[in-house]
């Protein structure tokens, strides 16, 4: 059973070293309270996607602990509570839009009836009705992005992880998506967002963490971060914090390439 | 109408968590059905191709050699080769289907939808295997058997042998699909390992007609025992002790399933 007071995400000493020796995460600690709209910002290669993939069981971590609403992240209970929309569209090319949603519901243990009904809801919410019977490989980039979000939300997760969900998305769709995500958040869903659009993060997120070289280098509300770094925008905060740790990030990037 | 407007018409999502705990059996069933769907979507490659190639083998070898080789072990040549050809078609179809399915899922990363789900590793393993086993096994038997007209002397043995064979090669397909970095690797295993061993495994002849040391060497070929087990199911006759043929096939099948299970359990090659 999930308690209101339990943090949505508790990460302690999380580390990940890839097979080629690259350090993706370096003893990272992070708590995300339940019901929060949380932003994770950082340059490319800083460890955002590694962190997200660790929470979602998509990489093998090297050390540390991750709890999702108090459940170890590898447990079936924790997995059910997380929905993720990954950065790049990773849709099953052999399935239609509707099938992608229904099978996803199945993977998450939903009954046929629940999965069908929920797929219909998501198809309507994300305006996919006209493409419901089209194979995912035939969808435009924007439609794929909608479907990714629909799939992430289908099983009604309590923690929704969005890895740059509006990358390459037109303004109208971005506006639509944020409105829906806001609504989800108002209804109690915890949102963990990574984005390169800092103005989006500033307007949406209650709490923001800046990550660099696999560690959290700053974390607070947007207002407090700006005050602490004597900045007028989040972009200034970002540039100040990231630039101080950029050499480390660049070294990691070089090592990886 | 915006997404927020549209959602106003839907029941409140998220926080309520309206569904009961995940049903692991449903998770696996969904994966099996997804694999079946893929097989049927690609039916020209997954079902038609092996049936046509087997039919061609029967036609060509039956016509060309059938008139010259009257009987092998008391059976007409065109009857003798059918069990081996069906075994070969099943093995290749099961391997190719599972291997390419996993490889595509890894390359396009939609396997993440399965890996992130509340599905135990053993159900993932079984789900991927069963999808191919069910569709290809049933399809080939239903389509191929009526075409051959070959009698089935021991149906229980045949079902058991076919099941072991398809499970073995499905599991091998899962393993190769997880390790392979490209379709070249998948093709390499099929063309350099499975096909030659199948041809040398007594599909077209009885190893009793081979001179030494080829006859002895044939006993080291694992596919020989599988072909022999299938032939026993069809014709009621085999080159080696039927218990040995079944036992060896089962042993290799268990080893392959265990290997695939280890990969799902540890996440090696599936997760960076």
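Here are some notes:
- Residue match in the range B:45-58 (condition: assigned to a helix (DSSP H, G or I), at pLDDT 85 or above and within 16 Å of the chain's Cα centre (by Cα)): no
- When A:98, A:65, A:117 are screened for being in contact with a helix residue (DSSP H, G or I) (Cβ under 8 Å, 6 or more places away or on another chain) and either more than 11 Å from every other protein chain (Cβ to nearest Cβ) or at pLDDT 95 or above (or both), only A:98 passes.
- On the stretch given as the range A:49-88, residues that are under 18 Å from residue A:119 (Cα atoms) and without any contact (Cβ under 8 Å) to a residue 60 or more places away in the chain total 0.
- Leading residue by the ranking (farthest from residue A:160 (Cα to Cα)) among those in the range A:14-56 that are within 14 Å of another protein chain (Cβ to nearest Cβ) and in contact with a helix residue (DSSP H, G or I) (Cβ under 6 Å, 6 or more places away or on another chain): A:22
- Residue B:260 falls short of the stated requirement of being within 23 Å of the chain's Cα centre (by Cα), at pLDDT 85 or above, part of a helix (DSSP H, G or I) and closer than 20 Å to residue B:155 by Cα.
- Of all residues in the range B:106-130, those that are part of a helix (DSSP H, G or I), touching a residue at least 60 places away in the same chain (Cβ under 8 Å) and either over 16 Å from residue B:167 (Cα atoms) or out of contact with any helix residue (DSSP H, G or I) (no Cβ under 9 Å at 6 or more places or on another chain) (or both) total 4.
- Yes/no for residue A:180 being touching a residue at least 40 places away in the same chain (Cβ under 8 Å), in a helix (DSSP H, G or I) and facing chain B (nearest Cβ under 10 Å): yes
- For the range B:22-44, taking the residues that are assigned to a loop (DSSP other than H, G, I, E, B) and at the interface with chain A (Cβ under 7 Å from one of its Cβ atoms), the one that is modelled with the lowest pLDDT is identified as B:22.
- Filtered residues of the range A:185-196 (kept if under 14 Å from the mean Cα position of the chain (by Cα) and either within 14 Å of another protein chain (Cβ to nearest Cβ) or in a loop (DSSP other than H, G, I, E, B) (or both)): A:185, A:189, A:190, A:191, A:192, A:195, A:196
- Within the range B:77-112, tally of residues that are touching a strand residue (DSSP E or B) at 6+ places or on another chain (Cβ under 9 Å) and within 30 Å of residue A:73 (Cα to Cα): 1
- Residue A:218 satisfies every condition listed in (1) under 14 Å from the mean Cα position of the chain (by Cα); (2) more than 9 Å from every other protein chain (Cβ to nearest Cβ) except (1).
- Scanning the range B:207-225 for residues that are in a loop (DSSP other than H, G, I, E, B), over 17 Å from residue B:249 (Cβ atoms) and either in contact with a helix residue (DSSP H, G or I) (Cβ under 8 Å, 6 or more places away or on another chain) or touching a residue at least 40 places away in the same chain (Cβ under 8 Å) (or both) turns up just one, B:210.
- None of A:149, A:91, A:159 is at pLDDT 95 or above, more than 7 Å from chain B (Cβ to nearest Cβ) and closer than 28 Å to residue A:205 by Cβ except A:159.
- Among (1) surrounded by 17 or more Cβ atoms within 10 Å (Cβ to Cβ); (2) in contact with a strand residue (DSSP E or B) (Cβ under 7 Å, 6 or more places away or on another chain); (3) more than 26 Å from residue A:221 (Cβ to Cβ) - the single one residue A:66 does not satisfy: (3)
- Check on residue B:204, touching a residue at least 40 places away in the same chain (Cβ under 8 Å) and closer than 18 Å to residue B:53 by Cβ: yes
- Candidates B:248, B:264, B:199, filtered to the one that is closer than 25 Å to residue B:152 by Cβ and touching a helix residue (DSSP H, G or I) at 6+ places or on another chain (Cβ under 6 Å): B:248
- Lone unmet requirement of (1) assigned to a loop (DSSP other than H, G, I, E, B); (2) over 26 Å from residue B:264 (Cα atoms) for residue B:229: (1)
- Qualifying residue in the range A:130-137 (condition: facing chain B (nearest Cβ under 8 Å) and outside any loop (DSSP other than H, G, I, E, B)): no
- In this entry, residue B:85 passes the filter for residues that are at pLDDT 80 or above, buried (at least 23 other Cβ atoms within 10 Å of the Cβ) and either in contact with a helix residue (DSSP H, G or I) (Cβ under 9 Å, 6 or more places away or on another chain) or within 30 Å of residue A:86 (Cα to Cα) (or both).
- Residues that are farther than 22 Å from residue B:44 by Cα, more than 8 Å from chain A (Cβ to nearest Cβ) and surrounded by fewer than 24 Cβ atoms within 10 Å (Cβ to Cβ) within the range B:93-117 comprise B:106, B:107, listed in sequence order.
The values are calculated or read from the model by the stated rules, or taken from the named source; none is laboratory data. Quick caveat: nothing in here was measured; it's all calculated off a predicted structure. Glycine also receives a Cβ, built like all others from the backbone with ideal geometry; neighbour counts cover every protein chain displayed.
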